[in-house]
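Here's the structure, in structure tokens; my notes come after.
The values are calculated or read from the model by the stated rules, or taken from the named source; none is laboratory data. Bear in mind the structure is a predicted one, so any value in this text is a computation, not a measurement. When we count neighbours, we look across all protein chains shown, and the Cβ atoms used for this are built from the backbone with ideal geometry, even at glycine.
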Amino acid sequence: MELVERLAARNVTAFSTDLIPRTTRAQSMDTLSSMSSISGYKAVLLAANLLPRYFPMFMSAAGTVLPAKVFVIGAGVAGLQAIATAKRLGAAVEATDTRPAAKGDIESLGAKYVGATADEAQDAGGYAKELTPEFYKRQGEIIGERCAGADVVITTALIGGVKAPRLITGEMVAKMRPGSVIVDLAAIAGGNCEWTEPGQTVVRNGVSIAAPLNLPSEMTFHGSTLFSRNLTSFVLAFWKDQAFTLDLDDDILKGAAVTHGGQILHAPTLEAVRRRSETKA
């Protein structure tokens, strides 16, 4: 938040490409999608490394090993990639998302959809919106039940790019089996789990809770390749007559603009700055 305030104070026009609206025209410059895909993939590999058992089912003379149970919370790009990767490793996968359209996406990858949906759960830009306390209570009951039976839980829920809803309580973690794993991909925004410590892997009641902050940086080749392609597409889309054309009426630039003319334009960021200032006061 401090960086955003400094950018605004110096009249810097700043864009965050992870805020680019999810439209057909903007697909080639959507850094959030390309980086989230890497995060979802790496999250499953991290979980598999921490889990003290196989992911796939094995049948041998020594007996049958049942597949690991993976529960994915949030079926955006990261969640869908996590589902696909866990399925490729042979796990039995369940997933949940508040957006009605996500049910079909989850099932198309061979996972079982669980949970509750709300028509108002997605904004016009394709991002998740904050819902009512009543809805989260109902969703929390479903999440608690599924976490208790899961070997691996992967959380990906973020709201507005700046807020991570608290979806897994300490009580839910206490009901999970010792040796199970939570990978919290929302750690950079505080985390979806009550016991998340951003940047750390901790153990609570025998449950490993991993909270990586930058998984794409661990896949340097494709992370750099995809990110550079996204940025190049973004710049070239507005490059005319040897200059960058700044048109804040354009839906892409308007959606991605964080600061301009000494002001913070991104509403959730502005609200976060306001809350931070009130806390300091």
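List the pairs whose first member sits in the stretch 75-86 and is touching a residue at least 40 places away in the same chain (Cβ under 8 Å) and hydroxyl-bearing (Ser, Thr, Tyr), whose second member is buried (at least 24 other Cβ atoms within 10 Å of the Cβ) and in a helix (DSSP H, G or I), and whose Cβ atoms are under 7 Å apart, counting only residues at least 6 apart or on separate chains?
From the stretch 75-86, the pairs are Thr85/Gly40; Thr85/Val44.
Let's see how each residue does on (1) assigned by TED's automatic domain parsing to the domain that holds Pro165; (2) in contact with a Phe, Trp or Tyr (Cβ under 6 Å, 6 or more places away or on another chain); (3) assigned to a helix (DSSP H, G or I); (4) buried (at least 24 other Cβ atoms within 10 Å of the Cβ):
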{"position": "Asn11", "(1), (2), (3), (4)": "no, no, no, no"}
{"position": "Ser37", "(1), (2), (3), (4)": "yes, no, yes, no"}
{"position": "Tyr41", "(1), (2), (3), (4)": "yes, no, yes, no"}
{"position": "Leu45", "(1), (2), (3), (4)": "yes, no, yes, no"}
{"position": "Asn49", "(1), (2), (3), (4)": "yes, no, yes, no"}
{"position": "Arg53", "(1), (2), (3), (4)": "yes, no, no, no"}
{"position": "Val93", "(1), (2), (3), (4)": "yes, no, no, yes"}
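Rundown of residues vs (1) outside the structural domain of Cys147 (by TED's automatic domain parsing); (2) over 30 Å from Asp151 (Cα atoms); (3) β-branched (Val, Ile, Thr); (4) touching a His at 6+ places or on another chain (Cβ under 9 Å), yes/no style:
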{"position": "Asn205", "(1), (2), (3), (4)": "no, no, no, no"}
{"position": "Ala210", "(1), (2), (3), (4)": "no, no, no, no"}
{"position": "Ser228", "(1), (2), (3), (4)": "yes, yes, no, no"}
{"position": "Ala243", "(1), (2), (3), (4)": "yes, yes, no, no"}
{"position": "Leu246", "(1), (2), (3), (4)": "yes, yes, no, yes"}
{"position": "Asp250", "(1), (2), (3), (4)": "yes, yes, no, no"}
{"position": "Lys254", "(1), (2), (3), (4)": "yes, yes, no, no"}
{"position": "Thr259", "(1), (2), (3), (4)": "yes, yes, yes, yes"}
{"position": "Glu271", "(1), (2), (3), (4)": "yes, yes, no, no"}
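Residue-by-condition table, conditions (1) in contact with a Gly (Cβ under 7 Å, 6 or more places away or on another chain); (2) part of a loop (DSSP other than H, G, I, E, B); (3) of a type outside the set (A, V, I, L, M, F, W, C):
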| residue | (1), (2), (3) |
| --- | --- |
| Gly199 | no, yes, yes |
| Ser208 | no, no, yes |
| His222 | no, no, yes |
| Asp247 | no, yes, yes |
| Val273 | no, no, no |
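Which numbered condition trips up His222, out of (1) over 20 Å from Asn49 (Cα atoms); (2) under 14 Å from the mean Cα position of the chain (by Cα)?
(2)
If the Cβ limit is 7 Å and pairs must be 6+ apart or interchain, which residue in the stretch 189-203 that is surrounded by 14 or more Cβ atoms within 10 Å (Cβ to Cβ) pairs with which residue that is modelled with pLDDT under 95 and part of a helix (DSSP H, G or I)?
Close Cβ pairs (under 7 Å, with a partner that is modelled with pLDDT under 95 and part of a helix (DSSP H, G or I)) amount to Pro198/Ile188.
Return yes or no: is Thr64 assigned to a strand (DSSP E or B), of a type in the set (S, T, N, Q) and either surrounded by 14 or more Cβ atoms within 10 Å (Cβ to Cβ) or without any contact (Cβ under 8 Å) to a residue 24 or more places away in the chain (or both)?
In short, yes.
Look at Arg22 and say whether it is buried (at least 16 other Cβ atoms within 10 Å of the Cβ) and outside any helix (DSSP H, G or I).
It is true that Arg22 is buried (at least 16 other Cβ atoms within 10 Å of the Cβ) and outside any helix (DSSP H, G or I).
Please state which one of Val203, Val235 is of a type in the set (A, V, I, L, M, F, W, C) and either in contact with a strand residue (DSSP E or B) (Cβ under 7 Å, 6 or more places away or on another chain) or on the phi > 0 side of the Ramachandran plot (or both).
Working: Val203 fails: either in contact with a strand residue (DSSP E or B) (Cβ under 7 Å, 6 or more places away or on another chain) or on the phi > 0 side of the Ramachandran plot (or both).
Answer to the check: Val235.
Name the one entry in Ala257, Ala186 that is over 30 Å from Val153 (Cβ atoms), crowded, with 18+ Cβ neighbours inside 10 Å and small (Gly, Ala, Ser).
After ruling out the rest, the residue left standing is Ala257.
In this structure, is Arg25 closer than 17 Å to Val235 by Cα and either modelled with pLDDT of 90 or more or in contact with a Gly (Cβ under 9 Å, 6 or more places away or on another chain) (or both)?
Details: closer than 17 Å to Val235 by Cα: yes; either modelled with pLDDT of 90 or more or in contact with a Gly (Cβ under 9 Å, 6 or more places away or on another chain) (or both): yes.
So Arg25 passes the test.
All but one of (1) part of a loop (DSSP other than H, G, I, E, B); (2) closer than 30 Å to Gly262 by Cα hold for Gln27; state the number of the condition that does not hold.
The single condition Gln27 does not satisfy is (1).
For the stretch 25-35, give me each residue that is more than 22 Å from the chain's Cα centre (by Cα) and surrounded by 17 or more Cβ atoms within 10 Å (Cβ to Cβ).
Hits for the stretch 25-35: nothing passes.
If you go through the stretch 213-223 one residue at a time, do you hit one that is touching a Cys at 6+ places or on another chain (Cβ under 8 Å) and either surrounded by fewer than 17 Cβ atoms within 10 Å (Cβ to Cβ) or of a type outside the set (S, T, N, Q) (or both)?
no
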